[in-house]
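Input: a single structure, listed below in structure tokens.
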């Protein structure tokens, strides 16, 4: 059994299902006999694209607020790289906002 990690992803509402599918297909959210397990909550993302950015939403130099979803799931360490690759491929942002950290869990 591999170390568990918590993974949190912020994604625009419009792409939440695509990201959930991609990370689930890559191995995130496996709990016992279940796959694609996650939790999501609505929120508002805020950012300002800097010069040189190619924003999916917004304009360089102008603060932007976007309706987003916070997705949380667990990921076994041995598939974490594949899950991150899947989320980057499905996420519309040039620089997806996500974080992960090791957690204690019972498997």
Which count do you get for residues in the range 12-34 that are buried (at least 16 other Cβ atoms within 10 Å of the Cβ) and in contact with a strand residue (DSSP E or B) (Cβ under 6 Å, 6 or more places away or on another chain)? 5
Scan of the range 67-83 for residues that are surrounded by 19 or more Cβ atoms within 10 Å (Cβ to Cβ), outside any strand (DSSP E or B) and out of contact with any helix residue (DSSP H, G or I) (no Cβ under 6 Å at 6 or more places or on another chain), ordered by number: 80
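Only one of 28, 18 is within 22 Å of residue 75 (Cα to Cα), assigned to a loop (DSSP other than H, G, I, E, B), in contact (Cβ under 8 Å) with a residue 24 or more places away in the chain and under 11 Å from the mean Cα position of the chain (by Cα). Can you tell me which? Full working, then the answer.
Working: 18 fails: assigned to a loop (DSSP other than H, G, I, E, B).
Among 28, 18, only 28 is within 22 Å of residue 75 (Cα to Cα), assigned to a loop (DSSP other than H, G, I, E, B), in contact (Cβ under 8 Å) with a residue 24 or more places away in the chain and under 11 Å from the mean Cα position of the chain (by Cα).
Determine whether residue 86 is more than 15 Å from residue 12 (Cβ to Cβ) and buried (at least 17 other Cβ atoms within 10 Å of the Cβ). Give the derivation first.
Values: more than 15 Å from residue 12 (Cβ to Cβ): yes; buried (at least 17 other Cβ atoms within 10 Å of the Cβ): yes.
Here the answer is yes, as residue 86 does meet what is asked.
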Any chance the range 35-45 includes a residue that's out of contact with any strand residue (DSSP E or B) (no Cβ under 6 Å at 6 or more places or on another chain), in a loop (DSSP other than H, G, I, E, B) and touching a residue at least 12 places away in the same chain (Cβ under 8 Å)? yes
Considering every residue within the range 43-55, establish whether at least one is touching a helix residue (DSSP H, G or I) at 6+ places or on another chain (Cβ under 8 Å), crowded, with 17+ Cβ neighbours inside 10 Å and under 22 Å from residue 100 (Cβ atoms). no
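All of the numbers you see were taken from the coordinates with simple rules; none came from a lab. What you see is a predicted model; the values in this text were computed from it and never measured. Neighbour counts are summed over all protein chains in view; Cβ atoms, including those assigned to glycine, are modelled from backbone coordinates with ideal geometry.
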